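Enquirer: Okay, here's the structure, questions in a sec.
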There are 2 protein chains.
Amino acid sequence: MYQSKLFTKTRKEAPKDEVSKNAQLLIKAGFINKEMAGVYSYLPLGLRVLNKINNVIRDEMNKLGGQEVFLTCLQEKENWSKTNRWDDAVVDNWFKTKLKNDTELGLAFTHEEALTAIMKNHIRSYKDLPFYPYQIQTKFRNEARAKSGIMRCREFLMKDLYSFSRDIKEHETFYERSKQAYKNIFSRFGLGERTFITYATGGSFSKYSHEFQTVSEAGEDLIYICDKCKIAVNKEIISEQNGCPECSNDKLREEKAIEVGNIFNLGTKFSDALDLTYPDIDGKKQKVIMGSYGIGPGRAMGTIVEVMSDEKGMVWPVEIAPFKAHIVQVGEKEEVKKSAEALYEEFTKNGIEVLFDDRDARPGDKFADSDLFGIPLRIVLSEKTLMAGEYEVKERVNGKISMIKEAEVCAFVKKYK
Amino acid sequence: MYQSKLFTKTRKEAPKDEVSKNAQLLIKAGFINKEMAGVYSYLPLGLRVLNKINNVIRDEMNKLGGQEVFLTCLQEKENWSKTNRWDDAVVDNWFKTKLKNDTELGLAFTHEEALTAIMKNHIRSYKDLPFYPYQIQTKFRNEARAKSGIMRCREFLMKDLYSFSRDIKEHETFYERSKQAYKNIFSRFGLGERTFITYATGGSFSKYSHEFQTVSEAGEDLIYICDKCKIAVNKEIISEQNGCPECSNDKLREEKAIEVGNIFNLGTKFSDALDLTYPDIDGKKQKVIMGSYGIGPGRAMGTIVEVMSDEKGMVWPVEIAPFKAHIVQVGEKEEVKKSAEALYEEFTKNGIEVLFDDRDARPGDKFADSDLFGIPLRIVLSEKTLMAGEYEVKERVNGKISMIKEAEVCAFVKKYK
């Protein structure tokens with residue numbers, strides 16, 4: 001993409017009321033726009049990152065056997081009354097609205113009820129199960145406070161997968177497999193090292209549920225890490241039990257952390273309330289066992305910004321960067337232009353996603369924008385590099401600069417991980 | 001995909017309150033689920049079609065120079081008051097909701113206000129323009145009646161592109177280019193022949209705007225077609241002027257039609273109200289000229305069902321079908337199973353999207369499901385075909401059946417358009 005055609009511009013300052021580092025950087029870089037507290041629009045570069053995050057999640061969910069669906073935001077009262085989650089006194093973060101005939105509707109903050117109701121039309125035999133439908137879809141939560149940028153929003157995308165299993169054993173097998181899928185996702189986001197499976201309370205159906213917590217100063221949660229087992233427990237659990245639930249180690253390390261995902265055993269809570277059953281091999285009615293598995297793609301994006309950015313700007317891992325390479329043309333001489341254009345075409349032809357800074361602007365401003373954007377490789381092309389027959393290639397993650405021969409640069413960029 | 005793993009099941013009857021053909025068929029086939037009137041969830045097969053429709057639209061918008069964004073549903077009052085569109089007496093299809101502190105919010109039914117406000121942060125010079133941001137995003141409209149299935153929804157995806165130009169001439173050049181992009185889209189949807197550019201009233205900024213109307217008995221509009229020019233006029237225009245605006249032919253043919261798209265000259269309506277200006281080459285403030293360009297992907301999907309289905313079910317054009325091929329295994333003999341499995345693997349390896357009906361079910365039920373789904377090619381594999389060394393290939397669009405040799409079937413399917 002030609003940077004001269006990109007409609008967004010970088011800016012020196014974020015809005016004064018924006019206190020979170022993630023939103024400050026993303027707004028300054030023109031990746032997002034703040035509509036109000038906790039409500040952000042995604043502009044072209046931000047949407048590219050968000051889509052890449054979604055695609056990593058999709059890939060791992062599909063490998064788990066997930067089937068993608070897309071449910072609605074508008075919800076009628078009926079099913080939510082059956083699970084006792086309609087009343088604002090029970091669920092305090094509903095956004096509600098009304099039809100013309102005054103029927104009250106809710107804007108979904110989750111989709112257990114809706115999907116359980118849909119399943120009643122589709123589960124006819126024990127042979128049908130198990131199923132793992134999921135979606136990446138907009139959720140609404142009427143948060144009283146929203147000061148963590150895109151990490152805690154009133155309107156946000158969520159990936160929510162739900163498992164429908166025949167029995168506890170089938171459920172537990174999937175639950176364990178989902179942990180590995182979640183580990184894969186966070187490691188592909190570059191968060192693997194600092195993300196801990198964290199024991200949380202399990203509701204009425206199992207002793208524990210599990211959160212995925214990424215250690216960060218920007219975290220709203222406190223976790224207690226067992227450095228032997230590489231797991232953690234959350235605040236509720238630490239007050240209930242002494243030490244690590246796996247090895248009983250009681251020397252746990254307290255850290256601030258961001259909850260980037262959670263998996264939850266729902267047991268028969270929803271299949272009881274909405275009467276979701278299947279006939280077993282003897283024709284006897286059995287309750288379906290459910291689980292839910294959430295990740296917020298926007299929150300993941302905010303977390304990556306929080307933990308990987310430096311004083312110059314953002315630093316994206318290759319797999320989710322808006323572009324892999326940033327060609328920065330320095331100077332307006334005809335031969336520099338031509339050569340930069342040729343390199344841009346070569347990259348494009350080779351399937352490398354590349355942003356080409358072809359603007360007539362000061363080199364210092366171009367370099368500052370490039371650092372702010374956090375594209376993994378910056379390739380500078382100037383009269384000087386042209387005469388040397390080499391390009392200056394900078395790795396954003398460590399600042400390392402290499403001079404690479406013209407004939408080799410495309411292969412270098414392609415291989416870079 | 002293995003059909004035995006697909007969680008959705010076909011059903012004999014659609015819900016009794018569902019009067020539209022498109023939703024009846026889509027619900028019976030398990031492509032969508034009705035949540036309430038005008039509110040439908042997309043299940044795996046339906047979402048596959050919707051995503052393909054979105055990708056055709058995206059492709060044509062990107063070719064036009066469009067840049068994709070993703071704005072928010074939640075909207076504050078401020079910008080909408082400036083354009084006089086906040087008041088429910090002026091815009092009668094708002095869904096409104098409230099923050100905890102009682103601040104009223106709206107759920108966007110369109111995004112001119114939001115995007116014009118964003119642009120104020122990004123347009124700094126005449127050199128920046130023109131821009132063509134677009135999105136495919138959920139809109140909410142509080143329709144009093146919603147009886148046309150997925151063609152008129154209270155919650156629905158919309159592709160909305162907005163053009164920001166320096167002057168009328170630049171605007172008009174793009175406006176004409178957008179017509180061609182829309183023609184391309186509807187022809188890729190298989191609706192080209194029966195979709196007419198339709199003159200509509202243009203608001204205060206130009207004599208005409210343009211709708212894209214697809215002739216169908218299910219249409220809620222009436223259009224008047226000039227068979228010489230292959231254009232149409234809508235009801236407002238026919239009462240204002242005699243005959244075709246291009247050739248003055250007054251023998252126009254009345255037809256029912258579905259509005260599948262519209263393009264609109266907004267002039268300076270929004271840049272006046274929200275003060276969106278740019279400094280021209282002399283540093284003088286100029287108003288930005290805007291246009292808007294809409295298509296509803298769900299409505300397009302419903303329209304395709306309305307005009308292309310037959311008594312057996314749906315008929316999808318290859319480019320937007322949920323799968324290109326449907327392998328139907330008939331009989332449970334080991335060699336049939338093995339051979340079907342091998343064909344499925346060969347198709348998958350060759351990048352052919354294929355649904356594999358590996359269920360232990362009656363052949364008649366399998367064929368009925370296949371016709372209902374409307375996948376372009378059905379490949380039947382039975383003991384009989386196996387002995388003959390041939391497959392029975394049926395084209396859904398015309399019912400034509402061919403026997404194709406084992407070694408040639410993959411190439412045939414790949415080539416099929």
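The numbers here are math on the coordinates, done by the rules we state, and not lab data. Everything quoted here is computed from the prediction, not taken from an experiment. For neighbour counting, all protein chains shown are included, and Cβ atoms are generated from backbone atoms with ideal geometry for every residue, glycine included.
Enquirer: Jot down the radius of gyration and Dmax of segment A:280-353, Cα atoms only, both in angstrom.
Expert: Here Rg and the maximum Cα pair distance are 24.2, 81 Å.
Enquirer: Right, here's the next one. For A:81, B:309, what ranking results if the residue with the fewest other Cβ atoms within 10 Å of its Cβ goes first?
Expert: The fewest-first ordering by Cβ neighbours comes to A:81, B:309.
Enquirer: Return the ratio Rg/(2.2 N^0.38 Å) for chain A, where Rg is computed over Cα atoms only.
Expert: 1.12
Enquirer: To continue, here is another question. Go ahead and set up a Gaussian network model of chain B, Cα springs under 10 Å, then flag whichever of B:231, B:375, B:168 fluctuates most.
Expert: B:168
Enquirer: Something else: Given axes a ≥ b ≥ c from the Cα gyration tensor, I'd like to know whether segment B:165-285 is rounded (a/c under 1.5), prolate (a/b larger than b/c) or oblate.
Expert: Prolate, because a/c is 1.5 or more and a/b exceeds b/c.
Enquirer: When each copy gets a label point 7 Å from Cα toward the beta-carbon at residue B:361, what are the spacings between them in nm, shortest first?
Expert: 5.6
Enquirer: Now, a different point. Taking residue A:402 in one copy and the same position in all the others, each labelled 7 Å out along Cα→Cβ, what are the pairwise distances from the first, in nm, shortest first?
Expert: Output for residue A:402: 5.1 nm, nearest copy listed first.
Enquirer: Next question, about the same structure. Which of the lysines could a cross-linker bridge to residue A:284, judged by Cα under 18 Å and excluding same-chain residues fewer than eight apart?
Expert: Counting by Cα, and skipping residues close in sequence, residue A:284 has these lysines nearby: A:120, A:127.
Enquirer: How long are the three semi-axes of the equivalent ellipsoid of segment A:237-322, in whole Å, if each is the root of 5 times an eigenvalue of the C-alpha gyration tensor, listed from largest down?
Expert: 39, 24, 10
Enquirer: What does the charge count around residue A:174 come to, taking other residues whose C-beta lies under 12 Å from its C-beta (Lys +1, Arg +1, Asp -1, Glu -1)?
Expert: Cβ neighbours under 12 Å give a net charge of 0.
Enquirer: Once you wrap a convex hull around the alpha carbon atoms of the protein assembly as shown, what is its projected area averaged over all directions, in nm²?
Expert: Averaging across all directions leaves 39.1 nm² for the Cα convex hull.
Enquirer: For each of A:123, B:32, count neighbouring Cβ atoms within 10 Å of the residue's Cβ, then give the residues from fewest to most.
Expert: Ordered from fewest to most neighbouring Cβ atoms within 10 Å, A:123, B:32 come out as A:123, B:32.
Enquirer: Here's a follow-up. Label point 7 Å out from residue A:398 along Cα-to-Cβ: which residues of segment A:304-335 have amide N under 16 Å?
Expert: A:316-318
Enquirer: Hey, what's the per residue convex hull volume over the C-alpha atoms of segment A:1-157, in cubic angstrom?
Expert: 162
Enquirer: Less than 29 Å apart at the alpha-carbon level, and either on another chain or at least 8 residues along: which lysines does that give for residue B:235?
Expert: The qualifying lysines are A:100, B:21, B:139, B:147, B:159, B:169, B:179, B:183, B:207, B:251, B:256, B:269.
Enquirer: Between chains B and A there is a rotation axis; tell me the chain B residue with the nearest beta carbon and how many whole Å away it sits.
Expert: B:97, 2
Enquirer: Moving to a separate point now. How long, wide and thick is segment A:254-394, going by the Cα atoms along their three principal axes, in whole angstroms, largest first?
Expert: 80, 41, 22
Enquirer: Continuing with the same structure: Enumerate by residue number the GluC sites (Glu not before Pro) in segment B:167-251 meeting two conditions: DSSP loop (anything except H, G, I, E, B), and at most 16 other Cβ atoms within 10 Å of the site's Cβ.
Expert: Sites meeting the loop and neighbour criteria: B:217, B:220, B:246.
Enquirer: Quick one: grab Rg to one decimal and Dmax as a whole number for segment A:323-415, Cα atoms only, in Å.
Expert: Cα radius of gyration and Dmax of segment A:323-415 are 11.8, 32 Å respectively.
Enquirer: Not counting the cut sites, what is the longest span of chain B without chymotrypsin sites (Phe, Trp or Tyr not before Pro) that DSSP labels loop and that have at most 16 other Cβ atoms within 10 Å?
Expert: B:127-415
Enquirer: A further question on this structure: Within chain A, which whole H helices from DSSP have a Cα span along their axis of at least 20 Å and a mean Kyte-Doolittle hydropathy of -0.5 or more, if any?
Expert: A:44-63
Enquirer: Taking 22 Å as the cut-off for C-alpha to C-alpha distance, list the pairs among A:28/B:98; A:52/A:324; A:82/B:34; A:16/A:324 that go past it.
Expert: Exceeds cut-off: A:28/B:98; A:16/A:324.
Enquirer: Would you mind listing the distances between the residue A:389 label point and the same position in each other copy? Use 7 Å along Cα-to-C-beta, nm, one decimal, shortest first.
Expert: 6.0
Enquirer: Sort B:167, B:87, B:128, A:160 so the one with the fewest other Cβ atoms within 10 Å of its own Cβ comes first.
Expert: B:87, B:167, B:128, A:160
Enquirer: Taking the Cα centre as origin and putting +1 on Lys and Arg beta-carbons and -1 on Asp and Glu beta-carbons, what dipole magnitude results for segment B:323-415, to the nearest 20 debye?
Expert: Roughly 360 debye for segment B:323-415.
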